[in-house]
Amino acid sequence: MFMRRGPAIRPAVRPAGRPLLRGALVGGTAYAAGRSAARKQQNEYEQNQQLMDQQQQIADLQAQQAPPAQQAPPAQQPAPTGAPSLADQLAQLGQLVQQGLMTPEEFAAAKAKLLGT
């Protein structure tokens, strides 16, 4: 009694051609594609950074060029029932100079006129 066995197991046959060279080619191509994608992503990141930096610089320049916020005019005091005193007039002229509405030369001329000199 002889028993019949299944087909004999064949040893793995090496594919025709050069598998090592084929593997190196596929691996090298994948490596190059990965590097290219990484380089492209890095370039996009750098461009985005430059764009953000430029936008920040523009915003900073616009903030510097914007006129300062105007202050509300000071509350007016009730006018006294007579002519304002000389000290009040000089104080008012001083405020005009501080606000930039009058030059120091104009202030000196107005002061001389008030003092009568």
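The values are calculated or read from the model by the stated rules, or taken from the named source; none is laboratory data. All figures in this text were calculated on a predicted structure; none of them were measured in a lab. Cβ atoms come from the backbone with ideal geometry, glycine included; neighbour counts cover every protein chain shown. The area values use the complete protein model at the heavy-atom level, side chains included, leaving out ligands, DNA and RNA. Shrake-Rupley method; radii C 1.70, N 1.55, O 1.52, S 1.80 Å.
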Pairs, please: C-beta under 6 Å, at least 6 apart or cross-chain, first residue hydrophobic (A, V, I, L, M, F, W, C) and in the range 87-112, second outside any helix (DSSP H, G or I)? 96/102
Which of the residues belonging to the range 86-117 are modelled with pLDDT of 85 or more, open to solvent by less than 100 Å² (accessible area, probe 1.4 Å) and not in a helix (DSSP H, G or I)? 100, 102, 103
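Residues are listed down the side, and each one gets a yes or a no for (1) at pLDDT 85 or above; (2) of a type in the set (Ser, Thr, Tyr); (3) open to solvent by 100 Å² or more (accessible area, probe 1.4 Å); (4) under 30 Å from residue 96 (Cα atoms):
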{"site": "3", "(1), (2), (3), (4)": "no, no, yes, no"}
{"site": "11", "(1), (2), (3), (4)": "no, no, yes, no"}
{"site": "45", "(1), (2), (3), (4)": "yes, yes, yes, no"}
{"site": "60", "(1), (2), (3), (4)": "yes, no, no, no"}
{"site": "69", "(1), (2), (3), (4)": "no, no, no, yes"}
{"site": "72", "(1), (2), (3), (4)": "no, no, no, yes"}
